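Values in this text are rule-based calculations from the coordinates and carry no lab data. Because the structure is a prediction, the values reported are computed rather than measured. A quick note on method: Cβ atoms are made from the backbone with ideal geometry, for glycine too, and the neighbour counts reach across all protein chains shown.
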Amino acid sequence: MLAWSTLVEPRAFALREFEVPVLPAGAAPLRVLHLSDLHLVPGQRTKQDWVRSLAALEPDLVITTGDNLAHRDAVPAVLDTYRDLLEIPGVFVLGSNDYFPPTLKNPLRYFNDSHQRGEALTSARLPTQDLIDGFTSAGWLDLNNARGALTLRGVRLEFVGVDDPHLEYDRYDQAAGPAAPDTELLVGVTHAPYQRVLDAMTTDGAGLVLAGHTHGGQVCVPFHGALVTNCDLVPGRAKGLSRWWPGAGSTPSSAAPPTAAWLEVSAGLGASPYSPFRFACRPEATLLTLV
């Protein structure tokens with residue numbers, strides 16, 4: 001089991017696919033590639049090659065929900081990994097591991113969210129601005145506490161995003177507000193799917209919200225799923241597609257009102273080099289077909 005969870009499953013990359021009914025009648029389908037939690041260390045060529053291969057899917061849009069870095073020298077490797085994808089329209093937000101390098105910590109503390117984070121854990125910083133500059137110079141929209149819009153295949157999408165809620169960097173008030181009248185879909189983008197952020201985005205009318213951070217639980221119980229999410233999202237929504245609406249809390253998706261948004265949480269592509277385990281939770285990217 002130890003060998004499987006450290007040597008085999010962390011390299012068993014999977015593409016998860018969903019069709020999401022969020023566009024108005026008559027709109028052209030849109031293919032959205034969602035990437036999260038790369039946690040890249042230079043030299044991880046298997047992961048880099050697999051991510052590069054995703055450009056062959058020819059998505060209309062790329063969305064990355066943060067935690068790209070796991071080493072102070074990883075920015076060039078991340079930009080090289082995304083090289084072909086950077087030629088496609090994209091949007092991004094950052095996660096805590098885009099600001100601070102990974103450190104050794106007791107994984108049992110994830111069960112009660114008692115572990116320190118950010119500046120309380122380390123004074124070391126990563127070259128965050130270099131990562132931002134690499135993305136924005138390719139034309140990707142920076143959605144950290146910001147809004148943006150793109151028209152793809154004749155469909156106007158508006159985006160609202162926040163900086164990492166796990167570090168409490170989210171300032172939704174800086175991006176809040178209803179979508180423009182000609183917007184056909186408002187998309188919320190966040191690294192960590194804290195309920196306060198999901199509620200705020202769906203209150204503003206987001207029909208689709210994308211997040212990462214949870215690693216899908218990372219070490220899961222077969223036929224049961226995630227035990228933790230590293231935030232206040234319930235484990236049953238730790239990965240995959242579910243429904244969310246303001247105040248949903250722990251209410252199951254089966255009880256969602258007709259106006260509920262779709263929430264897609266990626267289990268991500270990596271993990272901290274200090275806890276490089278995956279069990280019953282393969283690393284993944286997601287291809288969403290919006291219809």
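Values as computed for the structure displayed
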quantity	calculated
Segment ASP80-ALA27, extension gain: residue separation times 0.36 nm, minus the distance between their alpha carbons	15.7 nm
Kirkwood hydrodynamic radius over Cα pairs of the stretch 134-291, then Stokes diffusion coefficient at 37 °C and 0.692 mPa s, in µm²/s	202 µm²/s
Selected from LEU57, LEU85, LEU263 as most flexible by GNM, with the chain as the system and alpha-carbon contacts under 10 Å	LEU57
Helical mean residue ellipticity (222 nm; -39500 (n - 2.57) per DSSP H run of 4+; nearest 500) of the chain	-3500 deg cm²/dmol
Relative exposure of GLU9, GLU17, GLU264, judged by other C-beta atoms within 10 Å (fewest first)	GLU17, GLU9, GLU264
Under-5 Å amide H pairs with ASP164, H placed in peptide plane, nonlocal only	LEU94, TYR169
Along each principal axis, Cα extent of the chain, largest first, Å	50, 41, 34
For the stretch 2-290, share of DSSP beta bridges that run antiparallel, in % to the nearest 5	40 percent
